[in-house]
Structure formats: C-alpha cells, structure tokens
1. Could you check the range B:365-386 and list, in sequence order, the residues that are within 15 Å of ligand 1 (Cβ to nearest atom) and either β-branched (Val, Ile, Thr) or closer than 18 Å to B:VAL283 by Cβ (or both)?
2. Name, by its number, the condition in (1) of a type outside the set (Phe, Trp, Tyr); (2) in a helix (DSSP H, G or I); (3) surrounded by 24 or more Cβ atoms within 10 Å (Cβ to Cβ); (4) at the interface with chain A (Cβ under 7 Å from one of its Cβ atoms) that does not hold for B:HIS13.
3. Filtering the range A:133-156 down to residues that are assigned to a helix (DSSP H, G or I) and away from every other protein chain (no Cβ under 14 Å), which residue is least open to solvent (accessible area, probe 1.4 Å)?
4. Please verify whether the range A:39-55 includes one or more residues that are under 27 Å from B:LEU366 (Cα atoms), modelled with pLDDT of 90 or more, open to solvent by 10 Å² or more (accessible area, probe 1.4 Å) and within 16 Å of ligand 1 (Cβ to nearest atom).
5. Go through the residues of the range B:62-79 one by one and say whether even a single one is within 15 Å of ligand 2 (Cβ to nearest atom), open to solvent by less than 30 Å² (accessible area, probe 1.4 Å) and at pLDDT 95 or above.
6. Count, please, the residues in the range B:164-216 that happen to be open to solvent by less than 30 Å² (accessible area, probe 1.4 Å) and closer than 19 Å to B:GLU152 by Cβ.
7. Among the residues of the range A:41-60, write down those that are facing another protein chain (nearest Cβ under 7 Å), in a helix (DSSP H, G or I) and near ligand 2 (Cβ under 7 Å from one of its atoms).
8. Do we find a residue being of a type in the set (Ser, Thr, Tyr), farther than 20 Å from A:ALA174 by Cα and touching a Ser or Thr at 6+ places or on another chain (Cβ under 9 Å) anywhere in the range A:239-261?
Amino acid sequence: MSLDSPALAPNRGCRDTPVLKERGQREVFCGLTGIIWLHRKMQDAFFLVVGSRTCAHLLQSAAGVMIFAEPRFGTAILEEKDLAGLADANTELDREVARLLTRRPDIKQLFLVGSCPSEVIKLDLARAAERLSGLHAPHVRVYNYSGSGIETTFTQGEDACLAAMVPTLASTTAREVLIIGALPDVVEDQCLSLLAQLGIGPVRMLPARRAADLPAVGPQTVFALVQPFLGDTHAALIRRGARHLPAAFPFGEEGTTLWLWALAQEFGISRDHFDAVTAAPRARARKAVAAHAETLNGKSVFFFPDSQLEIPLARFLARECGMTPLEVGTPFLHAAITGPDLDLLPEGPVISEGQDVDRQLDRQHEARPDLTICGLGLANPLEAQGHTTKWAIELVFTPVHFYEQAGDLAALFSRPLRRKALLTAPIACSQISRGPGQSPGGQP
Amino acid sequence: MKLTLWTYEGPPHVGAMRVATGMTGLHYVLHAPQGDTYADLLFTMIERRNHRPPVTYTTFQARDLGADTANLFKDAARDAYTRFKPQAMIVGASCTAELIQDDPGGLAGALDLPCPVIPLDLPSYQRKENFGADETFHQLCRALARPMPRTEAITCNILGATALGFRHRDDVAEVTKLLGLMGITVNVAAPLGSTPADIARMGQAHFNVLLYPETGEGAARWLEKTCGQPYTKVVPLGVGATRDFLHEVASLTGLSPKVDESALRLPWWSASVDSTYLTGKRVFLFGDATHVIAAARIAATEIGFEVVGMGCYNREFARPMRAAAKAYGLEALITDDYLEVEDAIAAAAPELILGTQQERHIGKRLGIPCAVISSPVHVQDFPARYSPQMGFEGANVIFDTWIHPLVMGLEEHLLTMFREDFEFHSDAGPSHHGGKADLREVSDEAPLASVAGGALPPGFASPRDISEQIMAEATVSPSGEPVWLPAAERELKKIPFFVRGKAKRNTEGYAREKGVAEISVETLYEAKAHYAR
Ligand code: SF4
Ligand code: SF4
C-alpha cells in the first residue's frame, strides 16, 4: 500500500454526501455514561454527578455487572429540599465533597459532573468547582463539566471531561506530541511503544492515568486524536495554541497505519524506517482481520447512532472486511475530524445525523441489512425479529484500537453472524416475549 | 443532597415502565431527556425481552428548553398514538421534566385522543421505583376498573406482578395452578400479562390475591373499597405461608383449603439426614421487605438455619420489617445504602447471605456464599427454566437455590479432617462449583482498608475482608489489639474458609474480653470452647 498517494482513496468518498439530519426520539445514552470508562482510566479521580436518582440508576445500569466495592463515581442525589430552596445546594455539596474526600484520601482529581436536573435548576457547578478547588488545594483539583442528556450524548461526556481539563493544563514551549482520548491501558502501551520505535516523541497522554502525569500544552504541541468524538477537546487544544494532525482513526490495519503515518510525517520519519517498524504488526493485523473478513465479506451493515465511532468503523468494515454499509447513523457528525475517514468510505450509504428512532427502524426494516449495529435497548427486539445485531456499547468498552486489536475488532462484528449460522433451533414464543415478527415498538 | 454510589431502586418512572412493559395495549409517553432511554435496556437486556418497552420518550434537548418543550410533548403523544394505536395511554414526566412543569396530563388531555389517557404524578425527588409501579397500577385501576356483576363461578384477580420482577412470571403461573387446585379460576392477573381491557373487567372477580404488596397494594386497597373485593394478606412464599394462604383463601371463599401436596418436597428434603449439616447455619437476609420476611420464616422454621441479621431497602415497609425482625431477637436494618449492608454483614459474619444482586457482590467480596431472594436482580436471575418462588414448587426451588452455594454435608466433614490435603484443601471451595476456586475475590479498588478503617467494630481491620488479607498482616497490632502469634496464625489458616471468619472474630473477641495481648494456639481453642454451643 502506498501511503501518501491519493489513489488510495475510493473514486468518491462520503465527504460530500448530503447528510440526512433527523430530529426526533433518540435512543442514545447521555454523556454521564463516559464516567464508566473514565473512572477506570484515571486512577486517582472521582466523578461526582450532581443529579437525580435517574442519573444514579443510569450509571449503575450502564456499568452493569461491574459493581465495585466502592466505585470512584457516585451521584449526589438532589432531594425535594434542595429544589425547594430549603437547603442551600452549595452548602450541601460542600459537605458531601468534604465527607467524600475524607473517606477517600487517595483522590487527587474530583470532577463535578452536571446533569439535566442540575442544569435546569441552574446550579452553577463551575463556581462550585472553583470554590472547592480553593478549599481542597493543593491536594485535590476540582473540575466541572456537563454530562447531561440535554447537552450531550454518550461519548460526548468524555469530550466534555477532557475539554474541561485543557484550560488548566500547564503551559510549555516544548515540542511534544499529545495523544488525546482514553484508551485501555494495554492499548495505550502498544501505542506508546509503536511511537517510541518510530522515534516520535516525547509523547504524553490526555487523560493521564494519574494527576501527576498530566501533560502540558503550548504552541509547539502537536496532537492526534484516538477517538472521533473529541470535537470540543480539539477546539480547546487549538485555543491553547496546539496543532492537530488530522488522520483516519486507528481502527484496523489501514486506519492505524494512516494514523501513525500522519505523525511520522510530522516528525520527518523516513518511509523505510516506518515500514521497518510497522511491517510485522501490519502483517499480523491483516492476517487477524482476514480470518473474520471471510464471514463479513459481501455482507451489508446498518449503523444506528451511538458512539460517534460509526464513520471510522464503517470505513474499516467497508475497506478491510468487504462489507457494504447501507446507513451510517451517528449522533453528531464532526466533518473536520472524521473527514479523512469520510474520504475513504466508499460512496453509497445514507449518512444520517441525529435520530428519529421509529423512522430509522422503518428504514432498517426496509433495508434488511445482514448486520445491524445498535444500542442495547434495540438489540434483542431486533434479534427477535430475525435481524443479526451487534451492540454498539461493546465497541467503546473493548480494546479495539491499533494493530494488535484489529482482529478483535473484526471479531466483534463476525461473531453475531457466526452465531446466527450455528443456531438452528427456531425461537419459540415464551411467556416473557411477544412473538417475533412484530415491529419492536408495536402493540398487538 | 445525598451521595449515592449504588441504589436498590430506580426512579419512580422506571416503576411505571415496569407496569407498562408487563402489559400489552398500553403505551407510555414519558417527557424525558435522551439519556433516560437507558431504562429500555433493563428490560431488553437484563430480562431479555424481545420487544421494546412501549415507551415514547420526548428526548427534549437544551435548545428546546424555554422554547417549546410542551409542543414537543404533544407531538410525541400524538405520533405515539398514531403509530401504536394503544387501548390506553399513560403520560408523565421523568425527574428533569418534572422541573420544567409542562403538565403532561393536561397537554395530553387537550389532544382528545381516541383512547383513555391516564396522567401519572410520580414525585421523582421523593419516591422510588416500587412506589412508581404501585401508583401506576393503582391509577390504571382507578381509570379503567368498575364495579360489575360477579362471575358465576368463584374467580379472583392476581395483583402486583410486573415486568422485571424477581420470578414474577413463574410465581403467577404457580399461584394460578395452586388456586386451580382449590377450584378457583383466575379472572385477570395484572399488570404482568394483562391489557387495559382486562383491567376494565377486574371488577367481576370475587376477591383479589395480592402477590406483591410492594407493587400491588395501592390497587388492592382501591379495588376493595370500590369493587368490594377483599384481598389476601398472606404471601405464599414457603411451605407454611403457602398453607396459611390456602386457609385465607378458604375463609374468603368457603372452599376447602385441602389440596394435593404430593409435589411438595421441601419438608422431607430438610428432614432427611444429609440436611443435618444445614442446622444452625447462620444466615443474613436483605432485600425487599416481603421477600425477606417470608425468607426468614423459611430459613428458621423450614430449613433450620439461624437468622443472624435481616433488613430491607424499602422504607415504606419498615414497620412490618421491624416487627418480623423482633421475633428473631434482631434489630431490622432499614437502609438503601449498600455500604451499611456490607458492614452489617461483615459484623454478623454469616455463613450464608440471602439477598439481592448487590448482596451477591458483597458476598463475593467477603468470601461468603450468597443466594438471591429479591429484586433487584441481574440477567442470571432471569432463568430460562420454570423456577417460581411461591407455592409448593416455589418452596422446592428455594430449597435447591439456597443450598446450592453451600459446601455439601459430607464434604464439609472431609474438609475439616483433611484440611492439609494439597488438592482437597479448604480453599478449593464447594466441589460442585466449576472453575477455579477462589471465593475471596477482592475488588481491585486499592485503598479499601484505609477508607473503611475508623467506623468499624473493633477487631475488623477492614469489613471487606474477613480472612486472607488480614491474615497477611495479622501480626501487626493496631493500637492495643490482640496480636496473633505465628503458630496460632498457621492454625487459623487450617480452619476451613467458610468458618474461618467466624473463628477469627470469636478468638479476637475472646482475647479482648480476657485481656490477652497475644493470641496463641491455646487462646484459639479456649475461644472455641468458650463459644461452643
Ligand atoms: S451485558 Fe449488560 S445485561 Fe449482560 S451481563 Fe453485562 S451488564 Fe448485564
Ligand atoms: S439524561 Fe439527564 S436526567 Fe437522564 S440520566 Fe442523563 S443526565 Fe441524568
């Protein structure tokens, strides 16, 4: 593959495809959900949602079976007296934070996370964060961002969180690379080792595992995103003078190579050296993907909007696995960030932004894709109707970036299809089910 | 404001969803932001439902606020009617919509939809999931049920089963069977499995069976008052309670309570010699009040366990809970803070926990076996097979389920005799459980001990660990606590894991009481004799 030649791109990509914009009922998590992976990534951080019982219930439902002895996230649940103004919400918050920090002396970063209720009652968490930072400095730094469902969907919560940290990062004039986006530790290590072998550095990560490792930023900083949903963080870094290196996202062999190559070019790494470092992992990735591409090749795929990973993943499935995307739905299309992926995604699919879930279900029904990528709320109802699905949330909770995970990424999509081929017993109606063949929201 | 890390109950609109999702022909229009759609997955994933909950969320966004959330609601309600053509609709607000005060009931009423529209008023900042389910079912009955002539034959309604309920599907089937043995037909079972049209004909039953007071009592009371239907107060959980229930039904109907009991096995299973090893095992119970109170009776009188702690998370039932606990000489634990439950369990050092999904996790952390008896439960507690909790078959299921996590009788003896055998050692765990035996799976959250330190009963460096971690540091004495001498420490390790926590606690308590600073092997056995019963 020649990396920098335009012949690489399909005749026409999807960058200029008109976008179907939908505004209706959405079936997507809110930004609070990001806490589930962010709190595992930042080991000395605590995420305190100021919200309602619904917010607490969302978090534990999304965390599912991951119930820890004492998780590093919680919800300060607003009660009647907070709303009626009988109790001063700020005093209450200060008390809860003080209590929490005494219990957890290991906490160095505290995120006050806004929710729909806290925003509707206009609780000023930014001011609260400043005040609390003053009270608990220098031991604990207090940040604030909103993960509310009226402002953010699902992965936008991570974006809001990182964007809130950027203004507080130290300034530097050093020429450094920042890698932006939470990666599982094993993947992060692989990424760092690839960059080290290429001779690219110094490299710093945001988010960092611990507060002490937080990077600095300045006019000599260049940054690469590992997640497509980091639009606000992208803007905040540019405001600090840093420069973005746009590239396709590091999913699959091709995406990883293009992503690394963008960095390599910036650092004047020779083509030969680049090939020498990446040849072996690229071959491994291709081999691993090929095993699953056999199942995926020639199959069609339909994306419901979920994590904003949809565009890069559709590109991976189309170009490395031989699938045909029919519709690629995404909650929010950030053309500047996903541009390189849109260029590579062959023309054809409907690109939709936002959602009107019932209408999208109608379209999906028409299209009868071989594989449907959707949220947990839709997956079983669609399976019961005979569709094959992959729940999107797993794509965010599983290590899928870079070469060594390319095969795992393909496997996430091929397994439902393989299972479909294996299961031969017809689905019977049980008491709990209404018969298949009914529209998922439908009533008899 | 109250810091919550995990909650036993969701918000009240999730209770309303449990009613709507259990029914057909009912649609719920919920004024809520997009994130609240997470609740769908409780039903589609955890309960494996093959249809979407019949809920339309308006999913308003920040830019709609102040502009036109009310119209958004009206459009959503109108579209939902057109698309789903339900027999009836319920409308309401989630916590956020409650704050913007759009009045879903009024808005939907103004639409003049061609079906009954029932407004729900569920105070999100005061009440919780069970209340939401109870109140929704109650409002459905108010709006749809009417007094009417009784059926000729004796019939009853079964009240309270919902979607996402712990074994509700099978309990309704089992109780229907049980009533059939007495010659009673079920008129309507609701909400689970019913339609609005069914609710409208509930008035023709002779009486009501209240299976789940948590989610059906409001409706039962209203039906008693309005339709003159008495309702049963005994919940048929366990052998004794099932027989009491049959007598109660007999007194309401004049039918005979004598039914064929040939399918009932629990009493003999408890009385057979193998079950001697169950006698006096210490159990801790936590969950919803109805299940815990019933389980305590089963544990104490039908299996022969010793109840060493019990409590519930639903404050609405604190009074009966306290009364029940008193009968076992206990103070009931009424809390929805699982850390308090965890501390209480660690302090009581039971040999078996009967609880919810959360107590299962607590048991895992403490190395104590656990069986699940109450909501909230996770995907593995929605079994494919028929496994009721109520009635005679329910009693059989309960025996099997509770006994399963324990080490079997003979095995327990062998472990005590050959505790040093390299492959049959006590840490191997019950032989009928697969996988690598390691019951003391401690969370990877690091600084637990330092976190919990202060507030604990003396002798517990950490409530989350009654054996191994402490063993490692057993010789370190926190301020004046008795110190374990190495030989005693080795001896303690020889004690099988399922009683080691208790042995350690008792020995330390004994040492403190006697003012012994160093625990030797002697002290260990003196303590054993002291506590012998
Ligand atoms: S996937 Fe969801 S429902 Fe299944 S075990 Fe995990 S958290 Fe539970
Ligand atoms: S959508 Fe809003 S109210 Fe609902 S869980 Fe998310 S932040 Fe909380």
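1. Once the filter is applied, which keeps residues that are within 15 Å of ligand 1 (Cβ to nearest atom) and either β-branched (Val, Ile, Thr) or closer than 18 Å to B:VAL283 by Cβ (or both), the range B:365-386 yields B:VAL372, B:VAL377, B:VAL379.
2. So B:HIS13 meets the others, but not (4).
3. Restricting attention to the range A:133-156, the residues satisfying the condition of being assigned to a helix (DSSP H, G or I) are A:133-136, A:156.
Within this subset, residues satisfying the condition of being away from every other protein chain (no Cβ under 14 Å) are A:133-136.
Numbers: A:SER133: 27, A:GLY134: 58, A:LEU135: 110, A:HIS136: 45 Å².
The selected residue is A:SER133.
4. Checked the range A:39-55: no residue is under 27 Å from B:LEU366 (Cα atoms), modelled with pLDDT of 90 or more, open to solvent by 10 Å² or more (accessible area, probe 1.4 Å) and within 16 Å of ligand 1 (Cβ to nearest atom).
5. No, every residue in the range B:62-79 fails to be within 15 Å of ligand 2 (Cβ to nearest atom), open to solvent by less than 30 Å² (accessible area, probe 1.4 Å) and at pLDDT 95 or above.
6. 10
7. Quick first cut of the range A:41-60, residues facing another protein chain (nearest Cβ under 7 Å) only: A:52-54, A:56-58, A:60.
Then drop every residue that is not in a helix (DSSP H, G or I), which leaves A:53-54, A:56-58, A:60.
Passing the criteria: A:THR54, A:LEU58.
8. So the first thing to find is which residues in the range A:239-261 are of a type in the set (Ser, Thr, Tyr), and the list is A:256-257.
So of that shortlist, the ones also farther than 20 Å from A:ALA174 by Cα come out as A:256-257.
Checking which are touching a Ser or Thr at 6+ places or on another chain (Cβ under 9 Å) leaves us with A:256-257.
For the range A:239-261, residues of a type in the set (Ser, Thr, Tyr), farther than 20 Å from A:ALA174 by Cα and touching a Ser or Thr at 6+ places or on another chain (Cβ under 9 Å): present.
The values are calculated or read from the model by the stated rules, or taken from the named source; none is laboratory data. This one's a predicted model, so the numbers in the text were calculated from it and none came from an experiment. Heads up, the Cβs are rebuilt from the backbone with ideal geometry, glycines too, and the neighbour counts pull from every protein chain shown. For the accessible areas, the whole protein counts, side chains as well, though only heavy atoms, and no ligand, DNA or RNA atoms are used. Shrake-Rupley method; radii C 1.70, N 1.55, O 1.52, S 1.80 Å.
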